[in-house]
Number of protein chains: 2
Amino acid sequence: MPRVSDQHLAARRRQILDAAARCFIADGFHQTSMQDVIRAAGLSVGAFYRYFPSKTDLIRAIAEETVGELLVELDAAAGVEPAPPLAEAMRQVLDIAERRISGDQRARIAVQVWAEALRDPELGELVADIYQRVRDRFTLLATRAANPEAVGAVLFGLVQGYVLQRLLVGKIDATMYHEGIVALLGPGA
Amino acid sequence: MPRVSDQHLAARRRQILDAAARCFIADGFHQTSMQDVIRAAGLSVGAFYRYFPSKTDLIRAIAEETVGELLVELDAAAGVEPAPPLAEAMRQVLDIAERRISGDQRARIAVQVWAEALRDPELGELVADIYQRVRDRFTLLATRAANPEAVGAVLFGLVQGYVLQRLLVGKIDATMYHEGIVALLGPGA
């Protein structure tokens, strides 16, 4: 095997992950074959399998990458000192979610990962781990509450519910949903 | 075809739907073949296909049935006059959700239906329609709020987030989550 630079490896990996994400968004995880991804990535079969031996490896890499970016954004929005008012922080969090929904559409892959995680114990563990890390961010947002862990879980739940309703039910947007959160929280938040 | 009673037809339908639900919960929607369901239902191939020509017909029937039962329960819990305090109503709603999670496990099928709905426009329409009906129940719960529709969407979102975290992340239960809701709502709810 010829020696290749780290930069080249990273670019190839990027090329494959982007192609896989496009395929999963368009056709679904189960309806996408490795052949589809290889074709979309424009690589040879041999080159491809050196990076990702299986579809599960692909979905794992996409999940880790997407949530990694999400955590960075959440930290930027909510990790400031002193903690922003809850209503303001949730507005920023909804905007982050909305970019995953109507922007790069990664949220559509997330829903597929959820379904797959219920069936594949290894992926289930990965999802539990990364969502625990996301939930921890919401717990930080809720430090002023009497029970930050419980309130954090509820705040995270709010956002998951927003993603699901945007994707599956429609007739809501971030502004309306945020109004609902503010109304629930009351004037003090 | 011999004449059969309505009761017989309903019993057969029940037998098939229960078998299909068991298969979908255990192996996932995509990993379950029609052969698997036919075997689990203990029917002949010919008898089976008279009831459900496709896997999509099965999942549609299960989704409609499950949400139909859910609406009845939500109406019983929240549709009373005068409307119960929000915190109390949400406790009952979480209990209803919990029965779908740790009881009959239908919530696991719901997550699969969500993923499938993003890919199959016809199923997507069905899901949008039935979840709109569920969300309308939450809007009724929020009639005292300034913006019942927005608050209803958020309350529904809360419950969806609970289901997802129970299934995918763990380390929460209905009591803790309810405490979080109460803490968020403040003492007035």
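Looking only at region A:160-177, count how many residues are under 18 Å from the mean Cα position of the chain (by Cα), facing another protein chain (nearest Cβ under 7 Å) and aliphatic (A, V, I, L, M). Please lay out each step first, then the result.
Residues of region A:160-177 under 18 Å from the mean Cα position of the chain (by Cα): A:160-168, A:174.
Those left that are additionally facing another protein chain (nearest Cβ under 7 Å): A:160-162, A:164-165, A:167-168.
Pick out the ones that are also aliphatic (A, V, I, L, M) and you get A:164, A:167-168.
Of the residues in that region, 3 qualify.
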In region B:136-158, anything facing chain A (nearest Cβ under 7 Å) and crowded, with 20+ Cβ neighbours inside 10 Å is listed as B:Ala150, B:Val151, B:Ala153, B:Val154, B:Phe156, B:Gly157, B:Leu158
So, in region A:178-189, of the ones that are facing another protein chain (nearest Cβ under 7 Å) and part of a helix (DSSP H, G or I), which residue ends up modelled with the lowest pLDDT?
-> A:Leu185
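Can you confirm whether A:Val45 is open to solvent by 50 Å² or more (accessible area, probe 1.4 Å) and not assigned by TED's automatic domain parsing to the domain that holds A:Gln165?
Details: open to solvent by 50 Å² or more (accessible area, probe 1.4 Å): yes; not assigned by TED's automatic domain parsing to the domain that holds A:Gln165: yes.
Yes, satisfied.
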Could you please let me know if B:Glu98 is more than 12 Å from the chain's Cα centre (by Cα) and of a type in the set (Asp, Glu)?
-> no
Give me a count of the residues in region A:22-35 that are away from chain B (no Cβ under 14 Å) and open to solvent by less than 70 Å² (accessible area, probe 1.4 Å).
-> 1
Checking A:Tyr51 against (1) exposed (fewer than 14 other Cβ atoms within 10 Å of the Cβ); (2) more than 30 Å from B:Leu123 (Cβ to Cβ), which test does it fail?
-> (1)
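Scanning region B:174-189 for residues that are touching a residue at least 40 places away in the same chain (Cβ under 8 Å) and out of contact with any Phe, Trp or Tyr (no Cβ under 8 Å at 6 or more places or on another chain), which turns out surrounded by the most Cβ atoms within 10 Å (Cβ to Cβ)?
Here is the first cut: in region B:174-189, the ones touching a residue at least 40 places away in the same chain (Cβ under 8 Å) are B:174, B:177-178, B:181-182, B:185, B:189.
Subsequent filtering for residues that are out of contact with any Phe, Trp or Tyr (no Cβ under 8 Å at 6 or more places or on another chain) retains B:178, B:181-182, B:185, B:189.
On the way: B:His178: 21, B:Ile181: 25, B:Val182: 21, B:Leu185: 17, B:Ala189: 16.
Among them, the one singled out is B:Ile181.
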Please indicate, with yes or no, whether at least one residue in region B:113-127 is at the interface with chain A (Cβ under 7 Å from one of its Cβ atoms), open to solvent by 50 Å² or more (accessible area, probe 1.4 Å) and closer than 30 Å to B:Ala20 by Cα.
-> yes
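Is at least one residue of region A:28-43 under 18 Å from the mean Cα position of the chain (by Cα), modelled with pLDDT under 95 and of a type in the set (A, V, I, L, M, F, W, C)?
So the first thing to find is which residues in region A:28-43 are under 18 Å from the mean Cα position of the chain (by Cα), and the list is A:28-29.
Narrowing further to those that are modelled with pLDDT under 95: A:28-29.
Subset that is of a type in the set (A, V, I, L, M, F, W, C): A:29.
Checking region A:28-43: at least one residue is under 18 Å from the mean Cα position of the chain (by Cα), modelled with pLDDT under 95 and of a type in the set (A, V, I, L, M, F, W, C).
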Any idea how many residues of region A:83-112 are touching a Leu at 6+ places or on another chain (Cβ under 8 Å) and open to solvent by 50 Å² or more (accessible area, probe 1.4 Å)?
-> 1
Pairs where the first residue, in region B:56-78, is touching a residue at least 12 places away in the same chain (Cβ under 8 Å) and the second is among the polar types (S, T, N, Q) and assigned to a helix (DSSP H, G or I), C-beta under 6 Å, 6+ apart = B:Ala77/B:Gln92
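The values are calculated or read from the model by the stated rules, or taken from the named source; none is laboratory data. Computed from a prediction, not measured in an experiment: that's the story for all the values here. Glycine also receives a Cβ, built like all others from the backbone with ideal geometry; neighbour counts cover every protein chain displayed. Heavy atoms of the whole protein, side chains included, go into the accessibility calculation; ligands, DNA and RNA do not. Shrake-Rupley method; radii C 1.70, N 1.55, O 1.52, S 1.80 Å.
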